[in-house]
Amino acid sequence: MTKNEARSEIKYLLNNIFLTDEAEAIDEILSLQLPELQEEIDYFRRLKDQAAQAERTTSGDEHLKYRHRRESLKKIMDLIYLYF
């Protein structure tokens with residue numbers, strides 16, 4: 001995967017879990033230097049942790065929605081660490 005493909009995948013995943021403001025700002029986010037980029041990663045980690053908490057306390061379709069959100073945020077963070 002190239003850096004450009006990773007950027008596109010991150011944008012797709014953000015849109016897919018309804019974080020459209022973040023998706024629109026992805027170029028700006030990914031161009032940040034490490035201290036500021038780490039703040040964005042921490043923000044995604046907090047969202048992932050919130051989704052994991054909600055996943056544990058829900059069932060059915062709600063459970064699946066939060067699992068999808070948690071897994072997508074994990075993949076986003078992995079891509080950022082690998083390519084940026």
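The numbers here are math on the coordinates, done by the rules we state, and not lab data. Quick caveat, the model's predicted, so the values are computed rather than measured.
The table that follows gives values for the structure above.
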{"quantity": "Linear extension gain, residue 18 paired with residue 75, 0.36 nm per residue minus alpha-carbon span", "calculated": "19.0 nm"}
{"quantity": "Ratio of the Cα radius of gyration of the chain to 2.2 N^0.38 Å, where N counts its residues", "calculated": "1.09"}
